[in-house]
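Student: If you scroll down you'll find the structure; I have some questions about it.
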Amino acid sequence: YAVSVAESDRFARATGRRLPHDEKWGRDGRPVINVTWKDARAYVRWLSKQTGHQYRLPTEAEWEYAARGGTTRDYWWDLAASTIKANCFNCGSEWDGNSTAPVGNFAANSLGLHDTAGNVQEWTEDCYHPSYQGAPADGSARERMGCTKRVVRGGSYSSPLESLRSNKRSHYDQDARIDNLGFRVVRVK
């Protein structure tokens, strides 16, 4: 699942950070939004210390692999044969274009991951580059000294269906706080 508002609130209270704005959609069960890349990185450092396990943001390559759910299609589900399994501007859910849906409201992909398409865009570890040329072949994060633009993946409740494709990528300044942008974490060990 994406990190929820409630999970983020525990972190904020424990560290004296401000609570992220929830747009009055609810603090329980919704994915956290209005968090910067730096907030997300601080969360994974805190979570690692709290649990004794190592957590981080997913790399762009890891995110896409996980979002595809073992397929090579644009969406992890068969778009022609089933209902759309996401929250987006025109997906047909009760939240379309209005708000995030509670995390896990839609079926998981074959890897057991919920909401990898739609609901919220998600920060990745990677520095933004306009192409994949020169990207690491091992799936690690692409970094550059002084980088301030970070890759986001996943589309959101306010995105059209076409923007939910597994290979769709965008970027924001790492200090951006947006009502359709959150994150999920990867446990390393």
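Student: With each run of n ≥ 4 DSSP H residues scored as -39500 (n - 2.57), what mean residue ellipticity at 222 nm is computed for the chain after dividing by its residue count and rounding to the nearest 500 deg cm²/dmol?
Tutor: Values: 3 runs with 35 residues, N = 189.
Theoretical 222 nm ellipticity from helices: -5500 deg cm²/dmol.
Student: Using Cα pairs closer than 8 Å and at least 6 residues apart in sequence, work out the relative contact order for region 29-116, in percent. Could the numbers behind the result be given before it?
Tutor: Details: 79 pairs, mean separation 23.8, N = 88.
The normalised contact order for region 29-116 reaches 27 percent.
Student: In square angstrom, what is the accessible area per residue of the chain with a 1.4 angstrom probe?
Tutor: That works out to 48 Å² for each residue.
Student: Something else about it: Filter K49/K168; K24/K85; K85/K168 down to the pairs with a C-alpha to C-alpha distance above 22 Å, please.
Tutor: Values: K49/K168 33 Å; K24/K85 24 Å; K85/K168 17 Å.
Among K49/K168; K24/K85; K85/K168, the Cα-Cα distance tops 22 Å for K49/K168; K24/K85.
Student: Report, to the nearest whole %, how much of the accessible area of the chain belongs to carbon and sulfur atoms, 1.4 Å probe, protein only. Walk me through the numbers on the way to the answer.
Tutor: On the way: 4480 of 9110 Å².
In the chain, the share of accessible area belonging to carbon and sulfur is 49 percent.
Student: Here is a further query. Between E23, E125, E62, which gets the highest mean-square fluctuation from a Gaussian network model of the chain, Cα cutoff 10 Å?
Tutor: E23
Student: Okay, next question. Sort the following peptides by mean Cβ neighbour count (other Cβ atoms within 10 Å, averaged over residues), highest first: 109-119, 172-182.
Tutor: Final packing ranking: 109-119, 172-182.
Student: Rounded, prolate or oblate for region 1-98? Axes are the square roots of the Cα gyration tensor eigenvalues, ordered a ≥ b ≥ c, and the cut-off for rounded is a/c under 1.5.
Tutor: Oblate.
Student: Highest mean first, what order results for 87-93, 152-158 on Cβ atoms within 10 Å?
Tutor: Put in order of decreasing packing, that is 152-158, 87-93.
Student: Further question: Can you tell me the alpha carbon radius of gyration of the chain divided by the globular rule-of-thumb value 2.2 N^0.38 Å? Please list the in-between numbers first.
Tutor: On the way: Rg = 15.6 Å, N = 189, 2.2 N^0.38 = 16.1 Å.
Expressed relative to 2.2 N^0.38 Å, the Cα Rg reads 0.97.
Student: State the answer as a single residue: which of N90, T116, W77 lies farthest towards the positive end of the charge dipole of region 33-164, with beta carbon charges of +1 for Lys and Arg and -1 for Asp and Glu, about the Cα centre.
Tutor: T116
Student: If contacts are Cα pairs under 8 angstrom and at least 6 residues apart, what is the relative contact order of region 85-186 in percent?
Tutor: 33
The values are calculated or read from the model by the stated rules, or taken from the named source; none is laboratory data. Being a predicted model, the structure only gives us computed values, none of them experimental. Neighbour counts run over all protein chains shown; Cβ positions are idealised from the backbone, glycine included. Just the protein is used for accessible areas: all its heavy atoms, side chains included, with ligands, DNA and RNA removed. Shrake-Rupley method; radii C 1.70, N 1.55, O 1.52, S 1.80 Å.
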